[in-house]
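The values are calculated or read from the model by the stated rules, or taken from the named source; none is laboratory data. Keep in mind it's a predicted model, so treat the numbers as computed, not measured. Every residue, glycine among them, receives a Cβ derived from its backbone with ideal geometry; neighbour counts consider all protein chains shown.
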C-alpha cells in the first residue's frame, strides 16, 4: 500500500476539518440514482448551470451599469458599444433569462407528467414553485433596468396591479415606487432587488437539492427503488448524460446569442423611456404571457372588479401548483401508466401555449374570448379534472421494480396491479 503524498495528506487534513470534498463526493459521485432516468431529467442540472451563468454575467454587467433614470439607458448602450465584450455579456444575460425559463418550465412539466410532486416529495415540489416565484420577480425587475419604453411602461402597468387590493394596495404601490410615480427611486429599488434575489434563489436551490437527496429522484416509471439493483452511482453515468445535454443546449443557446440575440426582445425597448408617450401595445416578456392572458381574461365577478379578479386569478394559476399533490388523487405517479391522465396532460400543455399566444395579442375581440376559454380550462383541469380522473381512472399494471424493464426490455412478466402502489 503506497504512502499518501504530502499534498494528499494536506487535502485529508483539510477535509477532516471541513468535509467539502467528502460532501461533494457523496452528492455528485457516489450518490445512488435510479438507473432508468431519461434526458428529461437533464433540465434540473441545466437550470443550475444557467443560474451560475446569470449570476456571473450579472455581476460583471453591474460593474458598468448606472441605476439612474438619466443614465440607465446610456449605460446599457455604453456596455454594448464601449466595454470589451460587453455586447456578449449583455446578450448572454438577456437571452439567459429566456433560456432559464424554458428549462424550468420543461422541468416543471416533466414533474407534472411523471408525478414528481407526489408523496413523499411534496416539500421538494413546493421549493421548486417558490423558485419559480423568485425567478419571476427577478426577471421582471431585470426587464425594467434598461429603462427603455417597454421597461418603463411594463413597470408602470404591473406595479399598478397592486392598487386592486383594497385598503393596502395604494401603500404597496407607493412603497414599490419609492414615491408617487415610477421614477429614480423605483429604478434603484429594482436594481438592488435584482442583484440580491439571485443569491436568495441559490439558497432555495440548496434546500431544493437537500430535499431531493432525502428521498432521491423520482423516475419515469414512478415506482420506488427496491434495492441496489435499481440504482447506479451518479458519476460517471449521469455526469456524462448531463454533459451531453449541456452540449446540445449550448449549441442552441449560443446560436441564438450570436445570430438572433434580439429575436425575443421588444423593439420599443431600444427607445429611451418617455413617460409622455405610451406604446401602442404594452406586453411583458414572452415567459409572462400566459399569466398576462389570465390577468386580462377575468371579467367582473359579482362584487369583485375585473382588475382585482384578474390579479387573484393570475396568482392563483401558480398557487394551485402548491396543492396539486393533494388534488391528484391517483395512487400511480407516472403518466406512462395513466392513459386518461396522459391525454389531458397534453391538452393542458396546448392550453398553456394558447394562453401565451393570446397574451401577446391585444385584449379585444377573438383573442380576449380565446384567453377566457383557455383560462377557464386551466383551472377546470387543475381543480376538477385532475381529482376526478384520479378516482375513476384504471391505470395500467406497474412493473415490480425498476431493474426489470431496464435489464430485460420490459416488465410485463413481473407486472402487478397498480392499485395501492405509490
When (1) within 23 Å of the chain's Cα centre (by Cα); (2) modelled with pLDDT of 95 or more; (3) surrounded by 21 or more Cβ atoms within 10 Å (Cβ to Cβ) are applied to residue 155, the one that fails is (2)
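Do we find that residue 345 is touching a residue at least 12 places away in the same chain (Cβ under 8 Å), closer than 23 Å to residue 126 by Cα and either buried (at least 20 other Cβ atoms within 10 Å of the Cβ) or in contact with a strand residue (DSSP E or B) (Cβ under 9 Å, 6 or more places away or on another chain) (or both) in this structure?
Details: touching a residue at least 12 places away in the same chain (Cβ under 8 Å): yes; closer than 23 Å to residue 126 by Cα: yes; either buried (at least 20 other Cβ atoms within 10 Å of the Cβ) or in contact with a strand residue (DSSP E or B) (Cβ under 9 Å, 6 or more places away or on another chain) (or both): no.
No.
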Quick one: residue 304 ticks every box in (1) in contact (Cβ under 8 Å) with a residue 12 or more places away in the chain; (2) over 28 Å from residue 98 (Cα atoms); (3) surrounded by fewer than 20 Cβ atoms within 10 Å (Cβ to Cβ); (4) touching a helix residue (DSSP H, G or I) at 6+ places or on another chain (Cβ under 8 Å) bar one, so which box is it?
(1)
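Restricting the search to the stretch 77-127, which residues are on the phi > 0 side of the Ramachandran plot and surrounded by 20 or more Cβ atoms within 10 Å (Cβ to Cβ)? Step through it out loud before you land on a result.
First, the residues of the stretch 77-127 that are on the phi > 0 side of the Ramachandran plot: 85, 115.
Result: 115, single match.
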Being at pLDDT 95 or above and within 23 Å of the chain's Cα centre (by Cα) narrows it down to one residue among 385, 348; which is it?
348
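Mind listing whichever residues of the stretch 285-317 are within 30 Å of residue 75 (Cα to Cα) and assigned to a helix (DSSP H, G or I)? Spell out the reasoning first.
Let us first name the residues in the stretch 285-317 that are within 30 Å of residue 75 (Cα to Cα), namely 285-289, 292.
Result: 286, 287, 288, 289, 292.
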May I ask you to verify whether residue 199 is at pLDDT 95 or above, surrounded by fewer than 16 Cβ atoms within 10 Å (Cβ to Cβ) and closer than 20 Å to residue 97 by Cα?
yes
Examine the stretch 234-253 for a residue that is surrounded by 13 or more Cβ atoms within 10 Å (Cβ to Cβ), in contact with a strand residue (DSSP E or B) (Cβ under 6 Å, 6 or more places away or on another chain) and farther than 24 Å from residue 336 by Cβ, and state whether such a residue exists.
no
For the stretch 285-301, the count of residues that are surrounded by fewer than 16 Cβ atoms within 10 Å (Cβ to Cβ) and in contact (Cβ under 8 Å) with a residue 24 or more places away in the chain equals 1
Looking at (1) in contact (Cβ under 8 Å) with a residue 12 or more places away in the chain; (2) surrounded by fewer than 18 Cβ atoms within 10 Å (Cβ to Cβ); (3) assigned to a helix (DSSP H, G or I), can you tell me which one residue 282 breaks?
(3)
Over the stretch 223-236, the set of residues closer than 25 Å to residue 125 by Cβ and either in contact with a helix residue (DSSP H, G or I) (Cβ under 6 Å, 6 or more places away or on another chain) or part of a helix (DSSP H, G or I) (or both) is 230, 234
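Table: residues versus (1) out of contact with any helix residue (DSSP H, G or I) (no Cβ under 6 Å at 6 or more places or on another chain); (2) closer than 30 Å to residue 303 by Cα; (3) part of a helix (DSSP H, G or I).
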position	(1), (2), (3)
141	no, no, yes
152	yes, no, yes
160	yes, yes, yes
166	yes, yes, no
196	yes, no, yes
239	yes, no, yes
I'm checking my understanding of the structure. Among residues of the stretch 353-375 that are surrounded by fewer than 19 Cβ atoms within 10 Å (Cβ to Cβ) and in contact (Cβ under 8 Å) with a residue 24 or more places away in the chain, which one is nearest to the chain's Cα centre (by Cα)?
356
Tell me, which residue of the stretch 386-405 that is closer than 30 Å to residue 309 by Cβ and touching a helix residue (DSSP H, G or I) at 6+ places or on another chain (Cβ under 6 Å) is surrounded by the fewest Cβ atoms within 10 Å (Cβ to Cβ)?
387
It is to be established whether one or more residues within the stretch 98-118 are closer than 24 Å to residue 186 by Cα and modelled with pLDDT of 95 or more.
yes
Restricting to the stretch 176-191, and then to whatever is free of Cβ contacts under 8 Å to residues at least 40 places away in the same chain and outside any loop (DSSP other than H, G, I, E, B), can you tell me which residue is nearest to residue 93 (Cα to Cα)?
189
Looking at the stretch 38-54 only, could you name the residues that are in contact (Cβ under 8 Å) with a residue 24 or more places away in the chain and surrounded by fewer than 19 Cβ atoms within 10 Å (Cβ to Cβ)?
38, 39, 40, 45, 48, 49, 53
